[in-house]
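Asker: Here it is, the structure, as structure tokens.
The values are calculated or read from the model by the stated rules, or taken from the named source; none is laboratory data. These numbers were taken from a predicted model, which means no experiment stands behind them. Here the Cβ positions follow ideal geometry from the backbone for every residue, glycine too, while neighbour counts run over all protein chains shown. Note: accessible area is taken over every heavy atom of the protein model, side chains too, but ligands, DNA and RNA are not part of it. Shrake-Rupley method; radii C 1.70, N 1.55, O 1.52, S 1.80 Å.
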Number of protein chains: 4
Amino acid sequence: MRIKPGANTYGKNAVNLSRIIRHEDYHEFRQVSVSVALTGDFDTAHTVGDNALILPTDTQKNTVYALAREHFTGPIEAFGLTLSQHFLSRNPQVSQVRVELVEHLWQRMAFDGAAHPHAFTGGGSEKRTTVVTRTAAGTTVVSGLKGLMLLKTTDSAFVGYPKDEFTVLPETTDRILATECEASWEYTSAGLDFEVLHHRIRQSLLRTFSEHKSLSVQHTLYAIGEKILQENDEVKEISLIMPNKHHIPFNLEPFGMANTNEIFVATDAPFGYITGTVTREE
Amino acid sequence: MRIKPGANTYGKNAVNLSRIIRHEDYHEFRQVSVSVALTGDFDTAHTVGDNALILPTDTQKNTVYALAREHFTGPIEAFGLTLSQHFLSRNPQVSQVRVELVEHLWQRMAFDGAAHPHAFTGGGSEKRTTVVTRTAAGTTVVSGLKGLMLLKTTDSAFVGYPKDEFTVLPETTDRILATECEASWEYTSAGLDFEVLHHRIRQSLLRTFSEHKSLSVQHTLYAIGEKILQENDEVKEISLIMPNKHHIPFNLEPFGMANTNEIFVATDAPFGYITGTVTREE
Amino acid sequence: MRIKPGANTYGKNAVNLSRIIRHEDYHEFRQVSVSVALTGDFDTAHTVGDNALILPTDTQKNTVYALAREHFTGPIEAFGLTLSQHFLSRNPQVSQVRVELVEHLWQRMAFDGAAHPHAFTGGGSEKRTTVVTRTAAGTTVVSGLKGLMLLKTTDSAFVGYPKDEFTVLPETTDRILATECEASWEYTSAGLDFEVLHHRIRQSLLRTFSEHKSLSVQHTLYAIGEKILQENDEVKEISLIMPNKHHIPFNLEPFGMANTNEIFVATDAPFGYITGTVTREE
Amino acid sequence: MRIKPGANTYGKNAVNLSRIIRHEDYHEFRQVSVSVALTGDFDTAHTVGDNALILPTDTQKNTVYALAREHFTGPIEAFGLTLSQHFLSRNPQVSQVRVELVEHLWQRMAFDGAAHPHAFTGGGSEKRTTVVTRTAAGTTVVSGLKGLMLLKTTDSAFVGYPKDEFTVLPETTDRILATECEASWEYTSAGLDFEVLHHRIRQSLLRTFSEHKSLSVQHTLYAIGEKILQENDEVKEISLIMPNKHHIPFNLEPFGMANTNEIFVATDAPFGYITGTVTREE
């Protein structure tokens, strides 16, 4: 059996770009990490080291900074569309361009109710994300968020599961539910108002998480996805990753105390890892 | 020269404790990481392996959870005072107890202006901190914050520095100033309203950062410390760590473009590391 | 369009398991992180919160520790096969079990040429990995390694690439080539000597990396994959991820010095991200 | 009370420097992270923003790369001495220079017993360290290592400790002892053969860890320090940090199994944090 190249891709990752958008009397500040991935006709680079069709990743990086000057002024989806268009149209050897943008979010400071014109706080674990994938056949935009830490102190249960000889977990009708939520939803089109949609979908996610009478992480995950699809025709389907950030009641009985669901150990590992997609009937 | 034990200390680190404080119609949620360090007469443990005076770190951990039930209901400083008192009073071999608490901050969700009774978001890099150090001679409380990401897009300069043959950096009168601020201030007493003081000092820090016409990181660091001391008699001195999170203008000239102070590379390494204490004349 | 569950899976991640295998006059020490993922008929858990078919992730964790006692004595692939068989055979609602094992490698200490019976050093970034995927239709074993830091100081070039207006990178015939290699290869069968094969394949990878006259990362990646397939009929195909850990010559010219390819800046971001699969003609 | 500057220092951290040392028929490869910290007369920078005495951290960085060309050819201690001398002698406003170097260790590949001339593997968590501190009054060299993962599967006990109402931990005469060791020792002089000494001290550390009949982490920590002082007159004192990386027996009893000290949970938090210094009688 002859040996041959299979699927392959390459590009520049972690192009960390900051920008100031200067208005007359205030500044916007934006910070993103951009990753470009090209797929195409690169077999001879692999097999004989011919780089004639390999656009250097250094050039990709420069292109991101150069195009940012004119084109990175709105939502990350718009900039991803520009970048993917640039790379696809200029490189006939490339069959697919994938541009991923992760935005670090900065909040404008405010004092006594007045927004400050140029000072910001940052550092949240939540990132806004998009992946724009472009081929000759079309373009998909899958946007979302990650690192969103959610927690509720009640309205979460887990009962009725199968038991076997390795079961120790007690059933509970009142536990902490906490997760570091990652969500990514596919838009039905590349021509939407991504700014409005992002905030509307995120708000729907938060509200459903807070209001849901959760019978399991899966149950809440689905409720979130279902609500987002119900309220947003622009979303084709949504995938959610909701690891279970366990807060386990600490056993105070050896010390003659009752733990009335108040004192918990927060653990990092191991953790339940719950993923799911909510979609529409064809 | 005889060989002998020098300074030593031990304790349990990273005791990750979550708690729900249950009110009639809403819950509070708190999450801290507690570290205990004991100093004292432990020489025989080191030299001959006699553990008769070594309170196990596992017991320290249990004590944190057990005492949390009754005593962790207010600011971290209060809980640190309780824990340090417990360990010092019960262990005559211990000459100093140091309790460090790092609080992970959770924000109550709100919808349509209404606070939710039991749902929260978290994940900010900013932590609230305190170190309570107790000996027979007295107790000090050094509180602060860390991981506070601050950025301003203007009102920051750096000129007038010495030049030598290794100087490349151009002077600038308008640059991005960004830092991950760590501050720790010593209180004059262990009997203060730590909750009010924390928020007042933090606000003073933010406001000074935002308003200052910065001539260097050092200049801003001192201005912040000075303002906090001016406004808070309860603060004896304050130390600040303000690494310079560089945002470097990307050179667009090779591409025939001007970079009018808009497009930056955000770098992690190397970084300027600026530290300083602001104190009071004796 | 009706809304409905799409693909979903769940399980326990990061089950951190250590074991001592006690021989008469020496010990083995093994440390792995196990992740279990179940796919199957879980729609009612999502849609109505019925957990009757949801084997708790806590039970999955217990099962890993319990089965480790008898079954985790050989290569991680063997333990993965045992675990996947257990979960698939006992849970008719589960259509696919995926077990991932990541092994932390410990080296036995040796003094004056003599292996120590029970003392070890660890801490390497390289991990040994396997993913066992089992369905009623069959079982695949995809093994590999990750975190393997490789570097060569010469025999690496990058020339002949396309230039455009965003090209700055100079061609070079002598650069540092460094990568954090991740490799995963699919075995042709679940009944092989995985211990011998792992070490043979790893050695082939190292040797090819060191000897190859590299014209690009892609070129070296393919050479490694090709050699492994040539030498190991038991490997069906192999995928490699080889990020380019750039070491960039530091510009000493402003200081009147030549940098004769000796002094470099090691950077973390951005980085080239090169991936590829090498496979066999059907 | 007048407000005034207290202690302060600044410098460039994380200057990541790689170098090739080219010999006729083989290469050496070295990788270090350098941090420079200057203390001195910087009050006017803090109080009025006068940078006339502030050597920019960017210049410090350039100096590290420029001096590396001629001077970074031997142990990190020698390069630290050169750098500290440069900064102290050229900046009269500086009263103390502290240079910290952390070396990433690369191992030369070997095949069939033959060392490869230019290919290396890296990635170990263990780093070699030094801190050179220079003032007009003299120079100290404190060298060491960090990230050294050590584990032994027996010859470790913990008994005889005090019990109170929060004690749950059972005494044990046979447990896993694991730590991520950090050691730093002060040399008696700046004119020693640091290369030979580093390897001799490290070997002494490993051997003592492996052979010691440990009655506690403290006991082993002291034994290591004592042995190093006994065998090395060039070491004035040594400090060790040995966090207890707990491996806790997993409770198999609920499943009708005995855990004969074979199956363990490896935990990250909380952890015992044991530190100590071993010194010489004056």
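Asker: Here are C:THR208, C:THR275: which of them is within 7 Å of chain A (Cβ to nearest Cβ) and either hydrophobic (A, V, I, L, M, F, W, C) or over 19 Å from D:ASN16 (Cα atoms) (or both)?
Answerer: Numbers: C:THR208 fails: within 7 Å of chain A (Cβ to nearest Cβ).
Result of the check over C:THR208, C:THR275: C:THR275.
Asker: Name the residue, out of A:THR208, A:THR220, that is under 27 Å from C:LYS4 (Cβ atoms), without any contact (Cβ under 8 Å) to a residue 24 or more places away in the chain and of a type in the set (Ser, Thr, Tyr). Outline the logic, then answer.
Answerer: Numbers: A:THR220 fails: without any contact (Cβ under 8 Å) to a residue 24 or more places away in the chain.
On inspection, the qualifying residue turns out to be A:THR208.
Rundown of residues vs (1) closer than 30 Å to B:PRO92 by Cβ; (2) buried (at least 21 other Cβ atoms within 10 Å of the Cβ), yes/no style:
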position: D:ASP112; (1), (2): no, no
position: D:PHE158; (1), (2): yes, yes
position: D:PRO162; (1), (2): yes, no
position: D:CYS181; (1), (2): no, yes
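Conditions tested, residue by residue: (1) among the polar types (S, T, N, Q); (2) in a strand (DSSP E or B); (3) surrounded by fewer than 20 Cβ atoms within 10 Å (Cβ to Cβ); (4) not assigned by TED's automatic domain parsing to the domain that holds D:THR130.
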site: D:TRP185; (1), (2), (3), (4): no, yes, no, yes
site: D:LEU197; (1), (2), (3), (4): no, no, yes, yes
site: D:ILE201; (1), (2), (3), (4): no, no, no, yes
site: D:ARG207; (1), (2), (3), (4): no, no, yes, yes
site: D:ILE228; (1), (2), (3), (4): no, no, no, yes
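Asker: Criterion first (within 12 Å of chain D (Cβ to nearest Cβ), crowded, with 21+ Cβ neighbours inside 10 Å and assigned to a strand (DSSP E or B)) does B:GLY11 satisfy it?
Answerer: Working: within 12 Å of chain D (Cβ to nearest Cβ): yes; crowded, with 21+ Cβ neighbours inside 10 Å: yes; assigned to a strand (DSSP E or B): yes.
In short, yes.
Asker: Hey, another quick one. Please work out which residue is most open to solvent (accessible area, probe 1.4 Å), limiting yourself to the range C:22-43 and to residues that are of a type in the set (D, E, K, R) and not in a helix (DSSP H, G or I). I'd like the intermediate steps shown before the answer.
Answerer: Initially, the range C:22-43 is screened for residues of a type in the set (D, E, K, R), giving C:22, C:24-25, C:28, C:30, C:41, C:43.
Restricting the remaining residues to those that are not in a helix (DSSP H, G or I) gives C:22, C:24-25, C:28, C:30, C:41.
Details: C:ARG22: 82, C:GLU24: 189, C:ASP25: 115, C:GLU28: 56, C:ARG30: 32, C:ASP41: 89 Å².
Taking the candidates together, the pick is C:GLU24.
Asker: If you don't mind, another one. Looking at (1) modelled with pLDDT of 95 or more; (2) touching a Phe, Trp or Tyr at 6+ places or on another chain (Cβ under 8 Å); (3) polar (S, T, N, Q), which is the one condition that is false for A:THR279?
Answerer: It fails just one condition, (2).
Asker: A further question follows. Under the condition of being among the acidic types (Asp, Glu) and in a strand (DSSP E or B), which residue from the range D:99-115 is nearest to D:THR57 (Cα to Cα)?
Answerer: The first filter runs over the range D:99-115 and keeps only residues among the acidic types (Asp, Glu), leaving D:100, D:103, D:112.
Remaining after also requiring in a strand (DSSP E or B): D:100, D:103.
Values: D:GLU100: 15, D:GLU103: 21 Å.
It comes out as D:GLU100.
Asker: Here's something else I'd like to know. Quickly run through the range D:150-178 and pick out the residues that are outside any loop (DSSP other than H, G, I, E, B) and touching a Lys or Arg at 6+ places or on another chain (Cβ under 8 Å). Reasoning before the result, please.
Answerer: The initial filter retains those residues of the range D:150-178 that are outside any loop (DSSP other than H, G, I, E, B), namely D:150-152, D:156, D:158, D:172, D:177-178.
Listed by number, the residues that qualify are D:LEU151, D:SER156, D:PHE158, D:LEU177, D:ALA178.
Asker: Inside the range A:44-59, can you point out the residues that are touching a helix residue (DSSP H, G or I) at 6+ places or on another chain (Cβ under 9 Å) and part of a helix (DSSP H, G or I)?
Answerer: A:ALA45, A:HIS46, A:THR47, A:VAL48
Asker: Go through the range D:60-96 and give me each residue that's in a helix (DSSP H, G or I), small (Gly, Ala, Ser) and open to solvent by 30 Å² or more (accessible area, probe 1.4 Å). It would help to see each step written out before you state the result.
Answerer: Of the range D:60-96, the ones in a helix (DSSP H, G or I) are D:60-71, D:76-90.
From what's left, small (Gly, Ala, Ser): D:66, D:68, D:78, D:80, D:84, D:89.
Matches in the range D:60-96: D:ALA78, D:SER89.
Asker: Condition first: in contact with a strand residue (DSSP E or B) (Cβ under 6 Å, 6 or more places away or on another chain) and either under 30 Å from B:LEU252 (Cα atoms) or open to solvent by 30 Å² or more (accessible area, probe 1.4 Å) (or both). Now tell me which residues in the range C:134-148 satisfy that.
Answerer: Keep residues of the range C:134-148 that are in contact with a strand residue (DSSP E or B) (Cβ under 6 Å, 6 or more places away or on another chain), which gives C:134-135, C:140-148.
Result: C:ARG134, C:THR135, C:THR140, C:VAL142, C:LYS146.
Asker: Given B:ASP25, B:ASP41, B:ASP58, which one is at the interface with another protein chain (Cβ under 7 Å from one of its Cβ atoms) and acidic (Asp, Glu)? Let's see the steps before the verdict.
Answerer: On the way: B:ASP25 fails: at the interface with another protein chain (Cβ under 7 Å from one of its Cβ atoms); B:ASP41 fails: at the interface with another protein chain (Cβ under 7 Å from one of its Cβ atoms).
Answer to the selection: B:ASP58.
Asker: Follow-up question, since we're still on this one. Quick one: what pairs do we get from the range A:65-87, first residue on the phi < 0 side of the Ramachandran plot, second among the acidic types (Asp, Glu), C-beta under 6 Å, 6+ apart or different chains?
Answerer: A:PRO75/A:GLU195; A:ILE76/A:GLU103
Asker: Would a scan of the range D:116-131 turn up a residue that is assigned to a loop (DSSP other than H, G, I, E, B) and outside the structural domain of D:VAL97 (by TED's automatic domain parsing)? Walk me through it before giving the result.
Answerer: Let us first name the residues in the range D:116-131 that are assigned to a loop (DSSP other than H, G, I, E, B), namely D:123, D:125-126.
Subset that is outside the structural domain of D:VAL97 (by TED's automatic domain parsing): none.
Scanning the range D:116-131 turns up no residue that is assigned to a loop (DSSP other than H, G, I, E, B) and outside the structural domain of D:VAL97 (by TED's automatic domain parsing).
Asker: Run A:ILE224 past the list (1) touching a helix residue (DSSP H, G or I) at 6+ places or on another chain (Cβ under 6 Å); (2) buried (at least 20 other Cβ atoms within 10 Å of the Cβ); (3) not in a helix (DSSP H, G or I) and report the number of the one that doesn't hold.
Answerer: Unmet condition: (3).
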